[in-house]
Amino acid sequence: MKHNLLVILVAVLCIGTLSASARKKDKRHIVRIETSEGNIRVALSKDTPLHSKNFLKLAREGFYEGTLFHRCIKDFMIQGGDPDSRNAEPGKLLGDGGTGYTIPAEFCLPYWYHWRGALAAAREPDDVNPEMESSGCQFYIVYGKKQAAADIRKVRAMLEEKGIELTPQMVDDYIMRGGTPHLDGQYTVFGEVIEGMDVVKRIQGVETDKNDRPLKDIVVLRMIVEQ
């Protein structure tokens, strides 16, 4: 019960806040993810304090150094943060590593959603994780194709069955900017890329094996908290 109340409270706190774009001038924590393919700078959301604080803690501790972007799907997303990926032998199936804890969901719709460049937390599937709690360390960055009107109609109908509504602003972003709207309300978005989408684009397009692991390792060299 306490857990459910926490999730509800976090959701309520998001109501009435400014849109993500309107908050860009606010002071936010910035993390530089240095990879073997180039640097990606992300800004963390103030509306998801549990996720943002955890990501900052792990980045400062050097938790991510040497880990891989172990799952990359073209026109969808790039995923990393698995500690088991560090020095993993070629072809090894990755994605099950963690910190030993999870983070309560912090959905903040319609302000933070899966537009291209969104930073979000990976998690276990619904059948073993009905509360949709996030992994303590694994994350992904959305690439996502630009959505056609027909695609949006299908996703909108699917989300409405779950009580999730796409606002006009969200629809415009998904059509003009791109993203993965079918993930909204199911995975916590806790930040966004502010520099380095060219690097994300390059990584999401690399050649992968049958498990979506890049054939050539893409390594997180280190993460630097800039502010």
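The values are calculated or read from the model by the stated rules, or taken from the named source; none is laboratory data. Only a predicted model underlies this, so the values are computations on that prediction, with no experimental measurement involved. Ideal geometry is used to build each Cβ from the backbone, glycine not excepted, and the neighbour counts take in all protein chains shown.
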Go through (1) assigned to a helix (DSSP H, G or I); (2) under 15 Å from the mean Cα position of the chain (by Cα); (3) surrounded by 19 or more Cβ atoms within 10 Å (Cβ to Cβ) one by one and return the number of the condition His182 breaks. (3)
Would you point out which residue out of Phe107, Phe55, Phe76 is aromatic (Phe, Trp, Tyr), under 24 Å from His182 (Cβ atoms) and crowded, with 22+ Cβ neighbours inside 10 Å? Phe55
For the structure I just gave you, tell me whether Arg41 is within 23 Å of Asp184 (Cα to Cα), surrounded by 14 or more Cβ atoms within 10 Å (Cβ to Cβ) and modelled with pLDDT under 95. no
Can you pull out the residues in the range 123-142 that are in a loop (DSSP other than H, G, I, E, B) and either acidic (Asp, Glu) or out of contact with any Gly (no Cβ under 7 Å at 6 or more places or on another chain) (or both)? Arg123, Glu124, Pro125, Asp126, Asp127, Val128, Asn129, Pro130, Glu131, Met132, Glu133
Restricting the range 64-95 to residues that are in a loop (DSSP other than H, G, I, E, B) and closer than 11 Å to Ala122 by Cα, the one nearest to the chain's Cα centre (by Cα) turns out to be Gly81
Being at pLDDT 95 or above and among the acidic types (Asp, Glu) is true for just one of Asp26, Asp75. Which residue is that? Asp75
Can you give me the number of residues within the range 164-179 that are crowded, with 17+ Cβ neighbours inside 10 Å and not in a loop (DSSP other than H, G, I, E, B)? 5
